[in-house]
Each structure stands twice: as C-alpha cells, then as structure tokens.
1. How far is it, in nm, from the label point at residue 150 to the one at residue 93 when both lie 7 Å from their Cα along the line to the Cβ?
2. Quick one: length gained pulling residue 73 to residue 26 fully straight, 0.36 nm per residue minus the C-alpha distance?
3. Kindly flag which residue pairs out of 70/98; 98/118; 81/118; 74/127 have an alpha-carbon separation exceeding 27 Å in this structure.
4. Given points 7 Å out from each Cα along the Cα-Cβ axis, report the residue 157 to residue 112 separation in nanometres with one decimal.
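No value in this document is a laboratory result; all are computed from the given coordinates. Treat the numbers as computed from the prediction; the structure is a model and nothing was measured. Here the Cβ positions follow ideal geometry from the backbone for every residue, glycine too, while neighbour counts run over all protein chains shown.
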Amino acid sequence: MSTAPTETKDKSKADSTYYYFKSTPAHIAKNYVPQKIDSNGVMPEQTPRLPVVENTQGSAWNRMGTWEEKDYSKWARDRLKELLLEMECPVFSTGELKISDVVTAEGDATILYLRGKKRLGFELNLKAKWKGKVNDKEVSGHISIPSLDSDDWPDDIEVLITNPYPPPCGY
C-alpha cells in the first residue's frame, strides 16, 4: 500500500545524475559533477574566473569597485566653518562685510564609490553672523543656507540674508 510510491520516488532519483532532474541529459550533467578543490585553492580549469580590477579608490576589500560609502560629515562641517570664517567678501565702494561667527553647521556628507567612480553626496544647513561697515556705519546681521544639497549644487542654492537695521534712504 504505501511502498509503491516510495519505490517510484527512489527509482526517479536514480535515473538522473544532476539534482534528480530527469530532463538533464547525461552528457550535460557530467559537466556539473562536483570537483574537490585542492588545498591551494586553485579553481578547476573549466570554471572561468572574473578579471580582477585593481581598484585605486575605496577600500582594499572592495577590489571590484562596487558600492562603498564613507562618512565625511564631521570633516565637512568643520571645513565649512573654516572656509566661511576665512572668506573675504568683495570690497565695494561704500563699505565691506565679513563673516564674524558660524552659529551652526549641521548635516551629512559622504563620498560614494560606485562601480569604480567617486561621487559626492551632502546635505548641510549653515547659519552664520556677519558684520561690517557701510557708509561709515557699523552693520551686522545673519546669513543662512537652509539646504545646501548635492542635488541642487551649484545651480539652485537658497541664501537668506537678514539685516535688523532698515536700509538708509536711497537704497
């Protein structure tokens, strides 16, 4: 009663040499016979090896140059603070301005290595104070870049400049 199906199942396993599929012809199945790899780790000759591409960027473990991401957020925030404080605004006929203090520099910055190519990605928010002299009067205010983003760079950057003092007549 229950022995008949088992005998049929066992017989079908014995008829095929490749994972018990009857549809695989024997002359093709012999190409897939498992081969022992020797202690040197040399691959069998019939197995093609992928060419090893020397990756000059990224980590040593990522020799094929696939996806790799490195966080440069702290460095980017610190460097932007330095650059803003060192930046010289253009001198104009009625005065001069300078960034006096960087209030906040927040956000993320990464370098992506994707298929052997380096790509930059960042999303930062900056707020700073400025001061200067216009028409021999001391002036000050704030500058804000609410979304400094690699997607918008360099074409579409919103810069907000505030001045608590009303401009003199004629401006």
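1. Label at residue 150, label at residue 93, 4.4 nm between them.
2. On the way: separation 47, 0.36 × 47 = 16.92 nm, distance 5.89 nm.
So the chain would gain 11.0 nm between residue 73 and residue 26.
3. Values: 70/98 33 Å; 98/118 34 Å; 81/118 24 Å; 74/127 16 Å.
Flagged as over cut-off: 70/98; 98/118.
4. My value for the distance between the label points is 2.1 nm.
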